[in-house]
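Since the structure comes first, as structure tokens, the remarks are kept for the end.
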Amino acid sequence: MMSELCHRSLDMIPEELEKESRPAVVQSGMYAAEMLSRRYAMRAVNVVIVDELAWVWWYDQQGTIQSSGIDFIKDLPCFLVLIATFRHLGLREWGVDATLGRDGRQYHLRRATREHTRNDKTVHEIHPRRKPHGFDVVFGDREDQTNVKTVATVTRPDKIVKSQYPPFGPETRDFEATQKKATQADAVMKIYWPEVTLTSEAVVLEHAVELGRGDPLIEGHLPTVLASYDLGYSTGTIGEDIQKERRTDGDAIGDSRCMRLLLMRKLLPIEGLPAEEFLRVWVECYRCHFALWMKGFEHTDISIDNLLYDPISRKGVLNVFDLARIRLDSKNQATGQEQTGAIPFMAMDLLSRECFRGEIVRLYRHDFESFLWILPHKLLRGVDEQGANLAKWDTGDYNRCLDSKNTFLNTNLGRWRAKDENERVWEGIGYWLMDWLRDKLYEMTKLHGVRNLAPEELSQSDLDKINRWDDQSNQSAIQVLKEAESVIATRLAKAGSFIPFQPLSDEELQRYLTSRSTPPSSS
């Protein structure tokens, strides 16, 4: 009897009891999160019932809105009106965009072929009637959203090519697609929810391509945008309607967002490249980033996921410009208080509370340091416990990431080893660049400490170093790049020059100081 009771109690532990123990608000939030994870979901609406009270909860990519509670016993007519209203809602009112929902997946309930019992309940199996198939998406003209610019077919709606979760803000997903033209071009359709106040990524890329014409560091190293289209929905609409009634409590999180579709030519991630090819493409990407920075485009979101390569030209491509800051354009650019960047690759100076409050000025060296952190992330995985330690960088806690990076630089940098084809690149280049970064961070931390405690002990040379390190000018950016490329050139010469590399000459670098770009048009 005792063994039977123990067996039954163990059977009752799993998901059903765990779900029942969760508060109703938490369960509702989980259902909403599941709904919002669908590519076609614009919002989710749930009703939370506790005892005799019911609340309507509205969820979207900006936040949540909770209604006042309704006592459905004392105010039954009002509750019945609510239910009747729900019955008349169509797919769009429930938050489903039919443009992105036509994947042909339909479910039906079919009796199980054999008995499945669990906790005295018969389990019925849900079977897909047919596999999801592709569907067409019509991209309108970006100006009036009506003239058809191009048509694309989402070939695998059930397969996500890439998914990114920023520290703040909704997920971004890429799906395989094909542009419908005479030549079927492989493409990727990106679905994301940018803030409406920010300049469209397609517009930013158009300006970047225009400014990069004739510049070998930029041409061929930017993604090709085939079409961009905003669906006619904004998360700010309901907030505006509620505010008109003057019945609000609390503030929205950030600015309102819109669902945007971006059709781009298909590129491949550099993470899967052989080590030496990876290094060559990595160099092309950081040089493209440098040239853009000098022309007024600050990327600010460097990560290994945002470095791609063109499978045809084999060139490195710097990707994802939805949070880029355009110094040349004072309208609709990022405010400087956005938490941009993937935490595992962020510069150590930015892994702080001050940065996440928007109190630290973003400098070129911060983005370049992000490029450096990509090297150990790529080259040191797959060796004993190193992969697990590197995975600790991938956290939403910037303090924990900072501690892990400090441990890596000060303790593990000289001990960790790469294996197989990664070994030559890490020992020839990767280690020495991280060593250079460690020395620079240590030197500047020491100088800043002396300046705060005993500024009279600093020489003019020390003050010049501090000023260059904290300087926002392009001259300071050039100095950082020159030092790093000097390290690469020196180490490659000693390691046997396994990739073609020549540091950018003074003449090439000075060109960015003498040429000033014209601001992009505001149209």
- Select from 445, 430, 414 the residue farthest towards the positive end of the dipole of the stretch 412-451; place +1 on Cβ of Lys and Arg, -1 on Cβ of Asp and Glu, and compute about the Cα centre. 445
- Message: I need to check one value: relative contact order of the stretch 24-96, counting alpha carbon pairs closer than 8 Å and at least 6 residues apart, in percent.
- Response: 25
- Rank-order 500-508, 471-479 by packing density, defined as the average count of other C-beta atoms within 10 Å over each peptide's residues, highest first. 471-479, 500-508
- Item | Net charge, residue 284 excluded, C-beta distance under 12 Å - Lys, Arg +1, Asp, Glu -1 | +1
- Note on the structure: For the stretch 268-516 the mean separation of alpha carbon contacts under 8 Å (6+ apart) over residue count, i.e. relative contact order in percent, is 18
- Between residue 513 and residue 240, what length in nm is gained on full extension when 0.36 nm per residue of separation is reduced by their alpha carbon distance? 93.7 nm
- Using the Cα centre as the reference, give the magnitude of the dipole from point charges on the C-beta atoms of the stretch 268-516 (Lys, Arg: +1; Asp, Glu: -1; all else neutral), rounded to the nearest 20 debye. 180
- Query: Magnitude of the Cβ-charge dipole of the stretch 24-96, K/R +1 and D/E -1, about the Cα centre, nearest 20 debye?
  - Reply: 380
- With the contact rule set at Cα under 8 Å and sequence spacing of 6 or more, what percent relative contact order holds for the stretch 411-523? 26
- Task: Could you work out how far apart the two model spin labels at residue 421 and residue 505 are, taking each label as a point 7 Å from the Cα in the direction of the beta carbon, and quote it in nm?
- Result: 3.3
- How big is the charge dipole of the stretch 185-312 about its Cα centre, in debye rounded to the nearest 20, if each Lys and Arg gets +1 on its Cβ and each Asp and Glu gets -1 on its Cβ? 200
- For the stretch 24-96, the per residue accessible area (1.4 Å probe, Å²) is 59
- Anisotropy class of the stretch 423-480 from Cα gyration tensor, a/c 1.5 cut: oblate
- Query: Which one of 26, 45, 94 is farthest out on the positive end of the charge dipole of the stretch 24-96, using unit charges on Cβ (Lys, Arg +1; Asp, Glu -1) and the Cα centre as origin?
  - Reply: 94
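Would you mind putting 423-430, 460-467, 351-358 in packing order, based on average other-beta-carbon counts within 10 Å, highest first?
The packing order, highest mean first, is 423-430, 351-358, 460-467.
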- Counting only protein heavy atoms and using a 1.4 Å probe, what share of the accessible area of the stretch 268-516 belongs to carbon plus sulfur, as a whole percent? 46
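Report the gain in length on full extension from residue 49 to residue 381: 0.36 nm times residue separation, minus Cα-Cα distance, nm rounded to one decimal.
114.7 nm
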- Averaged per residue, what accessible surface does the stretch 268-516 expose to a 1.4 Å probe, in Å²? 45
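At a 1.4 Å probe radius, carbon and sulfur cover how many percent of the accessible area of the stretch 24-96?
Within the stretch 24-96, the accessible surface is 63 percent carbon and sulfur.
The values are calculated or read from the model by the stated rules, or taken from the named source; none is laboratory data. As the structure is a computational prediction, the values presented were derived from the model and not from experiment. Every residue, glycine as well, gets a Cβ built from its backbone with ideal geometry; the counts of neighbours run over all protein chains shown. For the accessible areas, the whole protein counts, side chains as well, though only heavy atoms, and no ligand, DNA or RNA atoms are used. Shrake-Rupley method; radii C 1.70, N 1.55, O 1.52, S 1.80 Å.
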